[in-house]
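A short write-up of the structure that comes next.
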Amino acid sequence: MRRGEPYDCTMTTFPRTRLRRTRSTAWSRALYRETILTPADLIWPLFVTSGKAVEEPIGSLPGVSRWSVDLIAQRAKEAMALGIPCLALFPNTPAGLRTEDGQEALDPDNLMCRAIKAIRDACGDQIGVLTDVALDPYTSHGQDGLVDGHGYVRNDATVDVLVGQSLNQAAAGADIIAPSDMMDGRIGAIRDALEQGGHTNVQIMSYAAKYASAFYGPFRDAVGSKGLLKGDKKTYQMDPANTEEALREVALDLAEGADSVMVKPGLPYLDIVRRVKEAFEVPVFAYQVSGEYAMIEHAAAAGAGDRDALVLETLLAFKRAGCSGVLTYHAAHAARLLGA
Ligand code: PBG
């Protein structure tokens with residue numbers, strides 16, 4: 001090696017070089033660790049249901065419950081104490097309020113808005129509230145938008161409703177609007193409306209590269225859309241085979257004003273996270289979705305691995321791949337493990 005020449009690792013040979021040297025003790029491994037995971041990297045998704053003092057365990061998501069608004073506020077305090085900076089909210093709209101056009105999404109007194117306000121009352125601005133924008137928890141057909149006579153989800157008409165939904169959530173106090181619907185052009189439309197509405201500091205985290213995935217099953221159960229949904233979401237969510245298209249989705253959403261972008265699902269799509277991070281150098285988040293959570297829980301219950309170790313290793317993998325943070329149902333558990 002001469003000074004000024006690039007370092008060539010093929011020049012270093014055994015036994016002068018032994019990579020096990022720096023791995024030989026815990027203190028040394030800590031010193032050489034390239035990536036760290038902290039509770040501040042986690043966003044905790046929570047399901048809201050109607051009633052008071054209600055906790056409904058979700059069968060397909062062992063260990064996860066739907067909470068009534070009063071108990072959601074308690075979860076927010078718990079998250080704050082654990083150092084989790086942000087919550088993500090999803091409503092299980094009562095069946096009677098689900099309609100063809102999902103108008104309940106626009107009601108300033110809907111479950112989502114009441115949950116946002118309860119968290120605000122309990123925690124002030126000490127914790128972030130991210131709200132999902134899409135119509136699936138509000139429609140009688142379980143699709144994320146308005147459908148035409150053939151069941152096709154209409155793009156532009158849906159965007160109009162999503163703008164209204166976003167303004168409704170922002171007015172209730174949401175900090176981050178997170179459109180998960182995959183309509184074209186919705187980020188720009190929502191950003192413009194937020195600016196005009198005076199919500200200049202309300203962020204947008206775009207579900208930019210969201211794939212039509214088989215890993216969303218337990219979530220649809222949790223928000224009550226599973227039994228309603230006929231068919232799939234392949235005309236708007238992305239084909240799992242595509243990468244180049246993910247980069248185009250991200251480029252468009254950034255150009256339209258997204259503050260950060262999300263890749264979803266998580267672990268099976270870490271290659272997308274890495275490519276997005278390298279191509280754009282912007283904050284990238286990933287959603288470790290319901291099916292991924294369930295796989296870990298079932299694997300641990302079957303004795304296939306240690307639960308805590310599986311949780312921390314998978315979450316660290318997101319950081320290593322380039323994520324700024326991760327939405328995970330394991331957030332509170334992981335934060336407890338990390339704080340211990
Ligand atoms: C709704 C939405 C979904 C998820 C987040 N927002 C489901 C879907 O697109 O069908 C999935 C989250 C999870 O599986 O944990 N648009």
Next item on the list: Can you quote the Å³ per residue value for the convex hull of the Cα atoms in the stretch 276-340, rounded to an integer?
Entry: 87 Å³
Note to self: How much accessible area per residue does the stretch 147-278 have, counting only protein heavy atoms and a probe of 1.4 Å, in square angstrom?
What the structure shows: 41 Å²
Next item on the list: Using Cα centres only, tell me the gap between the stretch 1-72 and the stretch 231-283 in whole Å.
Entry: 21 Å
Margin query: Taking amide H atoms as placed 1.01 Å from N in the peptide plane, list the residues 5 or more away in sequence, or in a different chain, whose amide H sits under 5 Å from that of Gly63.
Written below: Ile58
Notebook entry, point to check: What trypsin sites (Lys or Arg not before Pro) in the stretch 40-99 are in a loop by DSSP, with at most 12 other Cβ atoms within 10 Å of the Cβ?
Noted result: Lys52
Note to self: If each residue of separation counts as 0.36 nm, what is the full-extension length gain between Asn242 and Ala26 once their alpha-carbon separation is subtracted?
What the structure shows: 73.7 nm
Note to self: Can you give me the % of accessible surface on the stretch 152-280 that is carbon or sulfur? Probe 1.4 Å, all protein chains present, nothing else counted.
What the structure shows: 48 percent
Item checked: the stretch 140-223 - percent relative contact order, Cα under 8 Å, separation 6 or more -> 26 percent
Item checked: Label point at Ser60 placed 7 Å out along Cα→Cβ; residues across the stretch 199-213 whose backbone nitrogen lies under 17 Å -> 211-213
Note to self: Could you put Lys226, Lys264, Lys234 in order of accessible surface area, largest first, with the 1.4 Å probe and the full protein assembly present?
What the structure shows: Lys234, Lys226, Lys264
Next item on the list: Using the Karplus curve 6.51 cos²θ - 1.76 cosθ + 1.60 with θ = phi - 60°, work out ³J(HN,Hα) for each residue of the stretch 36-53 in order, rounded to whole Hz, and write x for Gly and Pro.
Entry: 10, 10, 10, x, 5, 8, 10, 10, 9, x, 10, 9, 9, 10, 7, x, 10, 6
Check: Counting only the heavy atoms of the protein chains, how much of Thr235 is accessible to a 1.4 Å probe, in Å² to the nearest 10?
Finding: 90 Å²
Check: Rounded to the nearest 500, what is the chain's calculated 222 nm mean residue ellipticity when only DSSP H runs of at least 4 contribute -39500 (n - 2.57) each, over all residues?
Finding: -11500 deg cm²/dmol
Notebook entry, point to check: Residue by residue, what Karplus-based ³J(HN,Hα) values in Hz, rounded to whole numbers, does the stretch 234-251 have, using 6.51, -1.76 and 1.60 with θ = phi - 60° and x for Gly and Pro?
Noted result: 6, 7, 10, 6, 6, 6, x, 7, 9, 10, 3, 5, 5, 5, 5, 4, 5, 4
Next item on the list: Run through all the Cα pairs of the stretch 37-339 and give the fraction in each 10 Å bin from 0, expressed as whole percent.
Entry: 6, 29, 40, 22, 3, 0
Notebook entry, point to check: What full-extension length gain, to one decimal in nm, is calculated for Ala95 and Thr13 as 0.36 nm per residue of separation minus the Cα-Cα distance?
Noted result: 22.8 nm
Note to self: Looking only at the stretch 81-220, where both bridge partners belong to it, what percent of the DSSP beta bridges are antiparallel (to the nearest 5)?
What the structure shows: 10 percent
Checklist line | Percentage relative contact order, the chain, counting C-alpha pairs under 8 Å, at least six apart | finding: 18 percent
Notebook entry, point to check: Say each of Gln126 and Val282 gets a label point 7 Å from the Cα, pointing the same way as Cα to Cβ; how far apart are those two points in nm?
Noted result: 3.3 nm
Check: lysines within cross-link reach of Lys226: Cα-Cα under 28 Å, excluding same-chain residues under 8 positions apart?
Finding: Lys52, Lys117, Lys210, Lys234, Lys264
Check: Taking the Cα centre of the chain as the origin, how large is its charge dipole in debye, to the nearest 20, when only Lys and Arg (+1) and Asp and Glu (-1) carry charge on their Cβ atoms?
Finding: 1820 debye
Item checked: Karplus (6.51, -1.76, 1.60) ³J(HN,Hα), θ = phi - 60°, over the stretch 325-330, in Hz, Gly and Pro reported as x -> x, 9, 8, 8, 6, 8
Next item on the list: Just subtract the alpha-carbon distance of Lys234 and Arg274 from 0.36 nm times their residue separation and send over the number in nm, one decimal.
Entry: 12.0 nm
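The values are calculated or read from the model by the stated rules, or taken from the named source; none is laboratory data. Everything quoted here is computed from the prediction, not taken from an experiment. We place every Cβ from the backbone using ideal geometry, glycine too, and count neighbours over all the protein chains shown. Remember, those area values only see protein heavy atoms, side chains included, never the ligands or the DNA or RNA. Shrake-Rupley method; radii C 1.70, N 1.55, O 1.52, S 1.80 Å.
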